[in-house]
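Scroll down for the structure; my scribbles are underneath it.
The values are calculated or read from the model by the stated rules, or taken from the named source; none is laboratory data. Here the structure is a predicted model, which is why all the values come from computation and not from measurement. So basically every Cβ, Gly included, is an ideal-geometry build from the backbone, and we count neighbours across all protein chains shown.
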Amino acid sequence: MKQRGRALNSQLRNSFSYGGKSMRSHFWNRSAVLLAVAAMAACGGGGGGSSEGAGDDAGEAAPAAAAVDPSTVGTISGMANFGGMVPTMEAIDMSTEADCAAGYGADGPMAQNVLVSGGGLANVFVYLSEGVSGAPAASGAASLDQVNCRYTPHVLGVQSGQDIEISNSDNLLHNINATPTENRGFNISQPRAGITSTQRFAVAEVMVPVRCDVHGWMQAYIGVVDHPYFAVTGADGSYSIANVPAGDYTMTAWHEEFGTMTSSVTVTAGGTAEASFDYSGEMMGADVPMGEALVLEHGTNRIRVERTQ
Ligand SMILES: [Cu+2]
């Protein structure tokens with residue numbers, strides 16, 4: 001899939017021009033932008049539990065989430081803004097699966113690498129990457145469905161240890177092949193509609209690629225963090241994260257074509273802090289980290305999760 005992803009990237013690069021020159025660019029590096037509001041400290045949360053490894057279908061009950069004291073938390077919201085020309089997405093040939101192809105309009109299915117609407121960029125995974133100390137355990141399960149031979153959602157955020165319910169809405173064979181570097185991977189088959197499998201990732205990892213070996217165009221990404229302070233930008237590029245303990249943080253935004261960038265953000269109790277990220281087509285061809293080693297704060301302990309390959 002990596003190879004296929006590269007090929008697609010290069011097709012996109014080749015088909016994209018801006019001001020008469022190729023937009024392939026290497027200037028992108030991790031940069032910081034934006035913004036802060038006033039401060040007032042107080043940290044909440046506790047626990048931070050994570051159950052064991054990539055699970056089996058049995059699945060254990062998720063631990064109950066700790067109660068949130070509303071007087072100590074605020075909200076982070078913002079936008080993934082996209083400026084300039086939007087790269088043209090490639091058409092996907094789904095002729096081998098007529099039932100899936102029929103689920104799309106006259107234009108047929110298109111690649112989802114760069115989805116821009118109204119100046120907003122969808123499918124950016126945003127999460128607090130520094131400054132979190134303690135967090136409630138995950139509550140409830142996350143969902144990953146297969147609909148018309150496509151993963152829904154395309155980018156998913158979960159908490160370490162959280163159940164991920166993977167289901168098949170297509171009445172045909174898919175397999176779900178997750179290839180993390182820090183976690184235990186899995187490769188399961190779902191031969192018909194109505195099947196659900198529950199999986200988990202034990203430790204934080206941004207991102208875990210997921211693909212279907214039957215349908216080469218099927219690609220999803222799962223961002224795993226060990227706290228609940230993450231979101232994926234919607235179709236309009238916006239996101240919002242509620243119940244964040246007041247404090248100073250670094251937020252990281254990850255996109256499958258544009259790599260990562262970071263922003264400082266200060267959350268105040270009862271307030272709404274903004275952290276937005278600016279993208280453009282010039283950033284195509286960025287180095288996109290996958291399965292990155294993460295440095296995570298757990299109270300006074302600093303834990304480094306090493307890459308294993
Ligand atoms: Cu498939």
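What the table shows:
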read-out: Residue, surrounded by the most Cβ atoms within 10 Å (Cβ to Cβ), within the range 118-139, restricted to residues that are modelled with pLDDT under 95 and polar (S, T, N, Q); value: SER133
read-out: Which numbered condition THR88 misses (of (1) at pLDDT below 95; (2) out of contact with any helix residue (DSSP H, G or I) (no Cβ under 8 Å at 6 or more places or on another chain)); value: (2)
read-out: Residue among MET85, MET89, MET94 that is aliphatic (A, V, I, L, M), within 16 Å of the ligand (Cβ to nearest atom) and in a loop (DSSP other than H, G, I, E, B); value: MET94
read-out: Filter result (in a loop (DSSP other than H, G, I, E, B), of a type outside the set (A, V, I, L, M, F, W, C) and at pLDDT 80 or above) within the range 265-309; value: THR268, GLY270, GLY271, SER276, ASP287, PRO289
read-out: Answer from ALA204, ALA141, ALA193 - the residue that is within 15 Å of the ligand (Cβ to nearest atom), touching a residue at least 12 places away in the same chain (Cβ under 8 Å) and small (Gly, Ala, Ser); value: ALA193
read-out: Criterion (surrounded by 21 or more Cβ atoms within 10 Å (Cβ to Cβ) and not aromatic (Phe, Trp, Tyr)) met by exactly one of VAL214, VAL203, VAL244, VAL232; value: VAL244
read-out: Among (1) within 21 Å of the chain's Cα centre (by Cα); (2) within 16 Å of the ligand (Cβ to nearest atom), the one test that ALA102 misses; value: (1)
read-out: Enumeration of residues in the range 156-188 that are surrounded by 22 or more Cβ atoms within 10 Å (Cβ to Cβ) and of a type in the set (Val, Ile, Thr); value: VAL158, ILE164, ILE166, ILE176
